[in-house]
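K.L.:
Structure below; questions to follow.
The values are calculated or read from the model by the stated rules, or taken from the named source; none is laboratory data. Keep in mind it's a predicted model, so treat the numbers as computed, not measured. Please note: Cβ atoms are built from the backbone with ideal geometry, for glycine as well, and neighbour counts cover all protein chains shown. Areas reflect the complete protein model, heavy atoms only, side chains present, ligands, DNA and RNA absent. Shrake-Rupley method; radii C 1.70, N 1.55, O 1.52, S 1.80 Å.
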2 protein chains.
Amino acid sequence: MTSSALLTDHYELTMLSAALRDGTADRRCVFEVFARRLPIGRRYGVVAGTGRLLDLIADFRFGADEVEFLRGRGIVDDTTADWLANYRFSGDVDGYAEGELFFPTSPILTVSGTFAECVVLETLILSVLNHDCAIAAAAARMVTAARGRPVIEMGSRRTQEEAAVAAARAAYLAGFAFTSNLEAGRRYDIPTTGTAAHAFTLLHDSEQAAFASQVATLGKQTTLLVDTYDIAQGIRNAIAVAGPDLRAVRIDSGDLSVLASESRALLDSLGATDTQIVVSGDLDEYAIAALAAEPVDAYGAGTAVVVGSGAPTAGLVYKLVEVEGRPVVKRSENKGTVGGRKTAVRRHKPTGTAVEEVVVSLGTPEPQPHDRILQRPLMRDGEAVPGRPTLTESREHLRQCLISIPWEGLKLSAGDPAVPVIMSGGTA
Amino acid sequence: MTSSALLTDHYELTMLSAALRDGTADRRCVFEVFARRLPIGRRYGVVAGTGRLLDLIADFRFGADEVEFLRGRGIVDDTTADWLANYRFSGDVDGYAEGELFFPTSPILTVSGTFAECVVLETLILSVLNHDCAIAAAAARMVTAARGRPVIEMGSRRTQEEAAVAAARAAYLAGFAFTSNLEAGRRYDIPTTGTAAHAFTLLHDSEQAAFASQVATLGKQTTLLVDTYDIAQGIRNAIAVAGPDLRAVRIDSGDLSVLASESRALLDSLGATDTQIVVSGDLDEYAIAALAAEPVDAYGAGTAVVVGSGAPTAGLVYKLVEVEGRPVVKRSENKGTVGGRKTAVRRHKPTGTAVEEVVVSLGTPEPQPHDRILQRPLMRDGEAVPGRPTLTESREHLRQCLISIPWEGLKLSAGDPAVPVIMSGGTA
């Protein structure tokens with residue numbers, strides 16, 4: 001396996017070189033990951049990627065090839081090269097659970113250690129979290145819009161090939177039922193699904209021949225794609241070939257709300273009352289919501305989910321907030337940034353509805369009934385803390401979190417964050 | 001190295017299974033990659049990713065682990081598993097050169113072979129091209145907006161970690177001068193650059209101490225980040241520490257047009273007339289264009305370039321257009337799709353300005369003076385055709401292509417495709 005250590009910005013190593021030389025490299029530092037704001041109109045963010053990030057941090061090593069590249073290019077000097085060859089993160093990581101919601105300034109990940117060992121992780125941490133959180137938030141909105149009907153992730157072809165695997169994982173975390181991506185099935189044990197494309201029908205001498213072949217191989221518990229030529233005839237062909245106990249038909253084009261109704265009526269008239277209708281084709285959360293009243297049984301979502309449905313990156317930053325116990329903060333802008341290590345809790349009504357998130361710098365929020373502590377220990381002395389939730393557990397955690405926010409928070413329309421964050425204490 | 005064979009949609013293997021069983025798997029097929037339209041307002045697309053795609057196709061193999069996963073999950077039967085274990089693409093690939101421009105319906109990649117060997121490549125081909133073309137098109141607009149000033153790609157942290165490497169490559173193809181991504185430096189021999197973040201200043205007891213450390217390690221040919229506290233004081237500190245022959249200062253926040261002018265005046269008053277000004281912070285092509293009249297020497301672009309500046313995916317599809325020499329096309333929609341293998345040329349005025357792209361199905365365009373044939377043989381019988389352009393050559397090819405289009409094509413504002421595509425022949 002190729003080392004992930006060069007998935008890193010050049011400047012991290014120039015900073016490292018200078019800090020090793022001037023003696024500041026060993027200063028104890030705290031870095032925090034947070035978003036200054038949510039994407040325009042969004043009411044919540046979703047923490048996603050933590051599980052795969054922790055593995056990547058544990059595996060973050062500069063092998064001989066990486067060190068030789070850096071030295072050969074003159075990016076690092078010999079002292080730094082030696083330091084990198086022995087690098088192993090030995091600090092602590094705390095963070096919100098995967099599947100947790102976040103809001104502007106929520107300290108979703110806190111990395112503590114020497115400056116040197118923390119600074120080199122910046123790009124890797126942000127790449128994983130910015131991507132996966134963006135996909136999970138878009139996917140969660142689609143799951144809400146689908147109102148309990150299953151949603152299938154089929155967007156791999158619209159995003160970079162490895163991003164596709166991460167996107168499938170984030171979508172599953174957010175409640176998608178399946179992915180089309182086989183590597184995601186293997187790597188993360190996510191259920192995969194898929195049947196046929198238009199090419200399969202076009203390959204054959206007739207649509208009936210294509211359907212007969214598919215049923216012969218996959219059985220009647222398959223989904224026949226009926227819109228290669230004429231949809232009504234396609235449905236008739238499907239039922240003629242498979243019989244009325246065909247599992248499903250898929251429609252991938254046209255005005256899906258009209259076609260769903262017409263197709264349902266036609267299927268029923270053919271006695272295929274249990275044959276389901278799967279729709280796909282440029283579906284985003286709004287298109288899914290618009291189909292709520294139609295006789296649709298499942299949605300396939302592609303492009304929109306893998307590009308974050310208008311918000312392809314989560315806007316998370318990795319900021320130095322504490323040096324040797326002293327809070328620090330960049331001052332030349334008025335971004336409301338607060339220095340110092342933060343502690344965060346979410347407050348709830350007795351009914352369980354979240355009312356606010358309290359974030360305190362250099363201290364802890366005064367405990368109140370129905371508080372939920374948001375940060376968990378994830379790594380200690382460079383080792384993963386045992387008991388990491390499974391992807392399935394994180395998926396359930398997100399489902400519960402979405403139940404806990406005020407109902408306005410689930411609206412698709414633009415609005416304020418579902419839960420306000422109250423930040424107090426510790427300006428530098 | 002992990003096999004790339006599962007970066008594939010489930011349905012490709014169900015289609016394969018059925019086709020192997022019904023005898024259609026060996027039918028000679030032609031698949032084409034094209035975009036039905038450009039992203040809203042865009043005037044051209046840029047072919048990018050071809051170089052890395054050809055390597056991925058050549059390496060596309062189902063190893064024992066992949067086959068076992070597929071068989072174990074019941075995704076393929078034994079016959080299909082055996083076929084996959086012996087898979088090796090043995091067909092032909094033709095396509096537009098990397099760095100070539102494309103427009104709606106341009107057949108940028110043509111894959112010929114048996115149905116079976118071509119269908120399993122769909123997701124990989126589209127993932128690479130949809131991502132890399134999207135980034136390259138956005139990056140090319142930024143390079144145009146920068147009017148010869150260098151642009152540095154520094155967006156790795158805003159996109160998935162492996163997508164970041166591909167994005168750096170696409171941006172360099174499009175004319176970016178440097179990337180911050182070290183893996184892109186190693187993998188594709190792209191020049192990397194980077195100096196320091198705000199964290200480096202915050203780590204130290206004073207800004208002067210941080211600057212002195214950086215200069216001690218990296219020399220005066222470095223770039224000092226001057227906006228951690230007060231920019232004017234930061235510039236004074238930078239010149240006090242490094243002297244007037246400091247190479248550059250970087251400003252990463254605030255109203256960059258005002259700050260660039262003020263900083264230039266201040267640097268000049270300090271005798272640092274050759275010290276350059278690098279600006280960064282949420283720059284897209286419009287923000288870069290707006291700084292054209294300001295004394296800026298280089299731009300750093302992050303988020304906008306790696307997410308395609310509003311168009312994160314290129315909208316390319318992979319469609320079956322020919323079976324056993326017979327053109328085929330999906331009919332249930334009116335998308336203007338034309339079946340059959342296409343041949344494409346671009347026509348030019350005697351001055352070299354492109355006037356139209358002529359695409360002919362099942363034939364070849366009548367030759368005219370100043371035609372340029374757009375498709376090249378890329379693979380023959382599964383082997384790469386020798387003489388693949390280097391990334392540097394492809395970069396120069398794009399630069400020449402952008403010179404060749406009518407000048408309106410380079411405008412940032414929304415408009416029609418810079419070159420119309422005339423499609424003729426061969427409806428199915």
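K.L.:
Within the set of other residues whose C-beta is less than 12 Å from the C-beta of residue B:47, count the net charge using Lys and Arg as +1 and Asp and Glu as -1.
P.N.:
Values: positive: B:376; negative: B:98, B:100, B:132.
Net of charged neighbours comes to -2.
K.L.:
Out of the DSSP beta bridges found with both residues in chain A, what percent are antiparallel (nearest 5)? Please report the intermediate quantities before stating the final value.
P.N.:
Working: 36 of 56 bridges.
Once the DSSP bridges in chain A are tallied, antiparallel ones form about 65 percent.
K.L.:
Which helices pass in chain A if a helix is a full DSSP H run, must span at least 15 angstrom along its long axis by Cα, and must have mean Kyte-Doolittle hydropathy not below 1.0? Before the final figure, lay out the partial values.
P.N.:
On the way: long enough: A:10-22 (19 Å, -0.05); A:122-146 (36 Å, 1.09); A:161-173 (19 Å, 0.60); A:207-218 (16 Å, 0.50); A:231-242 (16 Å, 1.08); A:256-269 (19 Å, 0.59); A:391-404 (20 Å, -0.47).
Span-like helices, by this rule, are A:122-146, A:231-242.
K.L.:
Another question about this same structure. Could you give me the radius of gyration and the Dmax of region B:120-176, taking only the C-alpha atoms into account and expressing both in angstrom?
P.N.:
Computed over the Cα atoms of region B:120-176, radius of gyration and Dmax are 12.2, 43 Å.
K.L.:
Starting from the Cα gyration tensor of the protein assembly as shown, multiply each eigenvalue by 5, take the square root, and state the resulting semi-axes largest first in whole Å. Don't skip to the end; give the middle numbers.
P.N.:
On the way: eigenvalues 418, 229, 113 Å².
Listed largest to smallest, the semi-axes of the protein assembly as shown are 46, 34, 24 Å.
K.L.:
Mind listing the label-point distances from residue B:205 to the same position on all other copies, shortest first, one decimal in nm, points 7 Å along Cα→Cβ?
P.N.:
Shortest to longest, the spacings are 8.9 nm.
K.L.:
Follow-up question, since we're still on this one. For region B:234-356, state the average projected area of the convex hull of the C-alpha atoms over all orientations, rounded to one decimal in nm². Don't skip to the answer; put the middle values down first.
P.N.:
Details: hull surface 55.1 nm².
With every direction weighted equally, the projected area is 13.8 nm².
K.L.:
Follow-up question, since we're still on this one. Taking only Cα atoms and a 10 Å spring cutoff, compute GNM fluctuations for chain A and point out the largest among A:20, A:374, A:121.
P.N.:
Answer for the Gaussian network model of chain A: A:20.
K.L.:
Hey, another quick one. For region A:214-247, which trypsin sites (Lys or Arg not before Pro) are in a loop by DSSP, counting at most 16 other Cβ atoms within 10 Å?
P.N.:
Details: sites: A:220, A:236, A:247; in loops: A:220, A:247.
Listed in order of number, the matching sites are A:220.
K.L.:
Let me ask something else about it. Tell me the mean residue ellipticity at 222 nm calculated for chain A from its helices only (DSSP H runs of n ≥ 4, each -39500 (n - 2.57), averaged over every residue, nearest 500). Working shown, then result.
P.N.:
Working: 15 runs with 157 residues, N = 428.
Theoretical 222 nm ellipticity from helices: -11000 deg cm²/dmol.
K.L.:
Still on this model: Using a label point 7 Å beyond Cα on the Cα-Cβ vector, give me the inter-copy distances for residue A:363 in nanometres, one decimal, shortest first.
P.N.:
Distances between equivalent label points, in nm: 8.2.
K.L.:
In addition: Give me D for chain B in µm² s⁻¹, whole number, from Stokes-Einstein with Rh from the Kirkwood sum over alpha-carbon pairs, 25 °C and 0.890 mPa s. Kindly include the intermediate steps, with their values, before the conclusion.
P.N.:
On the way: Rh = 23.7 Å.
The Stokes-Einstein estimate is 104 µm²/s.
K.L.:
Please check region B:222-241 for residues whose accessible area, probe 1.4 Å, is lower by 20 Å² or more when all protein chains are in place than in their chain alone.
P.N.:
B:228, B:229
K.L.:
Moving to a separate point now. In this model, which of A:349/A:411; A:319/B:220; A:220/B:330; A:330/B:411; B:319/B:411; A:319/A:411 are farther than 29 Å apart at the alpha-carbon? Numbers along the way, then the final one.
P.N.:
On the way: A:349/A:411 20 Å; A:319/B:220 26 Å; A:220/B:330 24 Å; A:330/B:411 37 Å; B:319/B:411 31 Å; A:319/A:411 31 Å.
Exceeds cut-off: A:330/B:411; B:319/B:411; A:319/A:411.
K.L.:
If you count only protein heavy atoms with a 1.4 Å probe, what accessible area per residue comes out for chain A, rounded to a whole Å²? Working shown, then result.
P.N.:
On the way: 15160 Å² over 428 residues.
Per-residue accessible area for chain A comes out at 35 Å².
K.L.:
Over the C-alpha atoms of region A:354-411, what are the Rg and the largest Cα-to-Cα span, Dmax, in Å?
P.N.:
Expressed in Å, the Cα Rg and Dmax of region A:354-411 come to 14.6, 42.
K.L.:
Another one. Under the √(5λ) rule applied to the eigenvalues of the Cα gyration tensor, what semi-axes describe the equivalent ellipsoid of region A:65-183? Give them in Å, descending.
P.N.:
36, 19, 10
K.L.:
Which semi-axis lengths, in whole Å and largest first, follow from the square roots of five times the eigenvalues of the Cα gyration tensor of region A:1-155? Mind showing how you got there, number by number?
P.N.:
On the way: eigenvalues 241, 59, 30 Å².
Each semi-axis is the square root of five times an eigenvalue, giving 35, 17, 12 Å.
K.L.:
Debye calculation, C-alpha points only, no solvent: report log10 I(q)/I(0) for region A:148-306 at q = 0.18, 0.20 Å⁻¹, in the same order as the q values.
P.N.:
Values, matching the q order: -1.10, -1.28.
K.L.:
Three principal axis extents, largest first, for the C-alpha atoms of region A:1-93, in Å?
P.N.:
So the extents along the principal axes, rounded to whole Å, are 49, 33, 25.
K.L.:
Given 4 °C and 1.567 mPa s, how large is the Stokes-Einstein diffusion coefficient of region B:132-235 in µm²/s, with Rh as the Kirkwood radius over Cα pairs?
P.N.:
Details: Rh = 15.1 Å.
For the chosen part, D equals 86 µm²/s.
K.L.:
Using only Cα atoms, locate the centre of region B:250-274 and the centre of region A:181-259, then give the distance between them in Å, rounded to an integer.
P.N.:
Between the Cα centres of region B:250-274 and region A:181-259 lies a distance of 62 Å.
K.L.:
Right, next: I want to verify a result. In a Gaussian network model of chain B, Cα cutoff 10 Å, which of these has the top mean-square fluctuation: B:114, B:144, B:24?
P.N.:
Top of the fluctuation ranking is B:24.
K.L.:
Now, a different point. Accessible area lost on pairing B with A, both sides, 1.4 Å probe, Å² to nearest 100?
P.N.:
Numbers: alone 19030 and 19030 Å², together 30320 Å².
Counting protein atoms only, the buried area is about 7700 Å².
K.L.:
Could you give, in nm with one decimal, how far residue A:396 is from each other copy of that position, shortest first, with labels 7 Å out from Cα toward Cβ?
P.N.:
Values, ascending and in nm: 6.2.
K.L.:
Provide Rg and Dmax in Å for region A:289-428, with only Cα atoms included in the calculation.
P.N.:
19.0, 61
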